[in-house]
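Asks: Before we start, here is the structure in question, set down as structure tokens.
The values are calculated or read from the model by the stated rules, or taken from the named source; none is laboratory data. All values derive from a computational prediction rather than experimental measurement. Don't worry about glycine lacking a Cβ; one is built from the backbone with ideal geometry, like all the others, and counts go over all protein chains shown. Just so you know, the surface numbers come from the protein's heavy atoms only, side chains and all, with ligands and any DNA or RNA stripped out. Shrake-Rupley method; radii C 1.70, N 1.55, O 1.52, S 1.80 Å.
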Amino acid sequence: MKSIAGTNNFQKIRDWLFHSGYSFYIIPFVFLMLFLLSKGSPHPSGYYLIHYLYNYEKGFSPRGLVGEVISWFTDSVTDELIANINLVFSVLLVVAASCYFGKALNQTKFKEKSFSYTIATIAIICLIPASFSMFFESIHLDKMLWVLTLFAVLLSDSKFGVWFVPLLCIISVLINPIYVFGSMILIAIILLQKFCSGGFKFKNGLICFITYASIIAIALYGAYYEQSVHLFDTPSEMVDFYFSRYAGQLDSYTYNKFITEWLFEFFEPMDKVFMLCFNYYFKDWGFGQKTFFGILLLGIPVWSIFFKIWKFAIKAENNYFQKIIYFFCLVSPVVIVPVLILGWEFPRYFYENLLMQLFLVLYFIAKNHTPVIEGINNLISYFKQNILIGAATLLHFIFIIVI
């Protein structure tokens, strides 16, 4: 009797899950909120403080939008204020991710294989370190960029909301130009997919053009402005100016570190910057070793998995334009390589790129793209036929989680 009752209860839960219009949105939201609460609020410190202090008081500055908006409301930036801003965007990230996951689960819930792949992809996204744990624990701006990116992806399926996508992308690149190498690739490919699958309608093409042109123009202008216009005579003058708005404690070590970093980023000529990079990579092997072994041990194995999926999808697809989109997915990891080398923050940018690839796969599974789904089938069959490679891949994934 207990067994029958248990089976009936399970059946009721399953029926509710599959037939309720909101269940797949609620479950990820509850799970991610619990995850967020377990992380607590990050303590504002280190280099990323500057992103809350930059503004446009001395003219346009890349990464200055966040500080500019803060300056509209207050001239004093406190640790508490930064922590509260991060808490708001952490909650928004939970909402955006839950909507994205819930929509994918709803779209695949009556397709057993696609539904299983959707759950597996969501689990991987949540497990890898840089997905939610790094965002919740850090004050860097990537959290804001992913919130805007996920909402842009969600709006891309809306008849009228799609017109807000270019605006969200413009805001993202104003928050941090590094966006063009990261999550922007996701929305760029999805907009192109919408243009292709929608029969190349003028409206979708116009949205693509506005989005791409705006992002490229702002990114290039920001790079030019940052390198060619010095608003301050010395790094210490720049530090003193921006940190005059900071109401927290700035110790001498951090102060001197900022001066060194800003000397390198804003005041040294480009040829000297490249020479310093050369010294860091080939004379002082600290950065060189981390980047080399990071690409060798983390990058290549992970990119190979996605390469196999996209390569199969390209071969299986008959539509020429769809092949091109899959090709863009295949080569998209290449975009992040210069940033991995010059950015000096390998884990951050590598996991950013990994997230972008996973969200792309999830998008195409939810849209029922048979070549991508069959590409995953092909990958699983390959691992079954090559047990040692499959076991090594599983161990590698566990390594990525715990590293």
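Asks: Consider the stretch 374-388. How many of its residues are touching a residue at least 60 places away in the same chain (Cβ under 8 Å) and either over 23 Å from the mean Cα position of the chain (by Cα) or surrounded by fewer than 22 Cβ atoms within 10 Å (Cβ to Cβ) (or both)?
Replies: Step one: of the stretch 374-388, the residues touching a residue at least 60 places away in the same chain (Cβ under 8 Å) are 374-379, 382.
Checking the rest, the ones that are also either over 23 Å from the mean Cα position of the chain (by Cα) or surrounded by fewer than 22 Cβ atoms within 10 Å (Cβ to Cβ) (or both) come to 374-375, 377-379, 382.
Qualifying residue count for the region: 6.
Asks: Mind checking which residues of the stretch 236-250 are part of a helix (DSSP H, G or I) and of a type in the set (D, E, K, R)? Outline the logic, then answer.
Replies: Kept after step one, since they are part of a helix (DSSP H, G or I), are these residues of the stretch 236-250: 236-243.
Hits for the stretch 236-250 are Glu237, Asp240.
Asks: Another one. More than 21 Å from Ala120 (Cα to Cα), of a type in the set (Val, Ile, Thr) and touching a residue at least 40 places away in the same chain (Cβ under 8 Å), is that true of Val335? First the steps, then the outcome.
Replies: Numbers: more than 21 Å from Ala120 (Cα to Cα): yes; of a type in the set (Val, Ile, Thr): yes; touching a residue at least 40 places away in the same chain (Cβ under 8 Å): yes.
Yes: the conditions hold for Val335.
Asks: Quick one: Thr149 ticks every box in (1) over 18 Å from Tyr100 (Cα atoms); (2) open to solvent by less than 10 Å² (accessible area, probe 1.4 Å); (3) not acidic (Asp, Glu) bar one, so which box is it?
Replies: Result: Thr149 passes all but (1).
Asks: Let me ask you something else. Restricting the search to the stretch 154-182, which residues are out of contact with any Asp or Glu (no Cβ under 7 Å at 6 or more places or on another chain), outside any helix (DSSP H, G or I) and either open to solvent by 30 Å² or more (accessible area, probe 1.4 Å) or touching a residue at least 60 places away in the same chain (Cβ under 8 Å) (or both)?
Replies: First, pick out the residues of the stretch 154-182 that are out of contact with any Asp or Glu (no Cβ under 7 Å at 6 or more places or on another chain): 154-181.
Next cut, outside any helix (DSSP H, G or I) only: 156-160, 176.
The answer is Asp157, Ser158, Lys159, Phe160, Asn176.
Asks: Out of the stretch 98-157, which residues are among the small types (Gly, Ala, Ser) and under 17 Å from Met33 (Cα atoms)?
Replies: Filtering the stretch 98-157 for residues among the small types (Gly, Ala, Ser) gives 98, 102, 104, 114, 116, 120, 123, 130-131, 133, 138, 152, 156.
Hits for the stretch 98-157 are Ser98, Gly102, Ala123, Ala130, Ser131, Ser133, Ser138.
Asks: Scan the stretch 325-343 residue by residue and report those that are among the hydrophobic types (A, V, I, L, M, F, W, C) and either out of contact with any helix residue (DSSP H, G or I) (no Cβ under 8 Å at 6 or more places or on another chain) or open to solvent by 60 Å² or more (accessible area, probe 1.4 Å) (or both). Before you say what the answer is, go through the steps one by one.
Replies: So in the stretch 325-343, the residues among the hydrophobic types (A, V, I, L, M, F, W, C) come out as 325, 327-331, 334-337, 339-342.
Across the stretch 325-343, the qualifying residues are Phe327, Phe328, Val331, Val334, Ile341, Leu342.
Asks: I'd like the residue in the stretch 220-234 that is open to solvent by 20 Å² or more (accessible area, probe 1.4 Å) and at pLDDT 75 or above and, out of all such residues, is nearest to Tyr179 (Cα to Cα). Write out each step before concluding.
Replies: Here is the first cut: in the stretch 220-234, the residues open to solvent by 20 Å² or more (accessible area, probe 1.4 Å) are 220-221, 223-231, 233-234.
From what is left, the residues that are at pLDDT 75 or above are 220-221, 233-234.
Values: Leu220: 13, Tyr221: 14, Asp233: 29, Thr234: 28 Å.
Restricting to residues being open to solvent by 20 Å² or more (accessible area, probe 1.4 Å) and at pLDDT 75 or above, the top hit is Leu220.
Asks: Of the residues that sit in the stretch 60-100 and are free of Cβ contacts under 8 Å to residues at least 60 places away in the same chain and of a type in the set (Ser, Thr, Tyr), which one is most open to solvent (accessible area, probe 1.4 Å)?
Replies: Thr74
Asks: Does Lys143 satisfy being in a helix (DSSP H, G or I) and more than 22 Å from Phe306 (Cβ to Cβ)? Can you show your working first?
Replies: Details: in a helix (DSSP H, G or I): yes; more than 22 Å from Phe306 (Cβ to Cβ): yes.
Yes; evaluated as a whole, the condition is true for this residue.
Asks: Could you grab me the full set of residues in the stretch 389-403 that are part of a helix (DSSP H, G or I), of a type in the set (A, V, I, L, M) and open to solvent by 40 Å² or more (accessible area, probe 1.4 Å)? Let's see the steps before the verdict.
Replies: Taking the stretch 389-403 as the starting set, the residues that turn out to be part of a helix (DSSP H, G or I) are 389-402.
Among the residues that remain, those that are also of a type in the set (A, V, I, L, M) are: 389, 391-392, 394-395, 398, 400-402.
Within the stretch 389-403, Ile389, Ala391, Ala392, Leu394, Leu395, Ile398, Ile401, Val402 meet the criteria.
Asks: While we're on this one: Restricting attention to the stretch 31-59, which residues are part of a helix (DSSP H, G or I) and either surrounded by 12 or more Cβ atoms within 10 Å (Cβ to Cβ) or at pLDDT below 60 (or both)? It would help to see each step written out before you state the result.
Replies: Of the residues in the stretch 31-59, the ones part of a helix (DSSP H, G or I) are 31-39, 47-52.
Phe31, Leu32, Met33, Phe35, Leu36, Lys39, Tyr47, Tyr48, Leu49, Ile50, His51, Tyr52, listed by residue number.
Asks: While we're here: Pull up the stretch 298-315, narrow it to residues that are out of contact with any Leu (no Cβ under 8 Å at 6 or more places or on another chain) and open to solvent by less than 50 Å² (accessible area, probe 1.4 Å), then point me to the one that is modelled with the lowest pLDDT.
Replies: So the first thing to find is which residues in the stretch 298-315 are out of contact with any Leu (no Cβ under 8 Å at 6 or more places or on another chain), and the list is 298, 300-301, 303-304, 313, 315.
Checking the rest, the ones that are also open to solvent by less than 50 Å² (accessible area, probe 1.4 Å) come to 298, 301, 303, 313.
Working: Leu298: 74, Pro301: 83, Trp303: 87, Ala313: 94.
Top of the filtered list is Leu298.
Asks: Scanning for something open to solvent by 30 Å² or more (accessible area, probe 1.4 Å) and farther than 23 Å from Ile128 by Cα, does the stretch 344-366 turn up at least one residue? Before the answer, list the steps.
Replies: First pass over the stretch 344-366, keeping only residues open to solvent by 30 Å² or more (accessible area, probe 1.4 Å): 344-345, 347.
Filter once more, so that each one left must be farther than 23 Å from Ile128 by Cα: none.
No, there is no match, as no residue in the stretch 344-366 is open to solvent by 30 Å² or more (accessible area, probe 1.4 Å) and farther than 23 Å from Ile128 by Cα.
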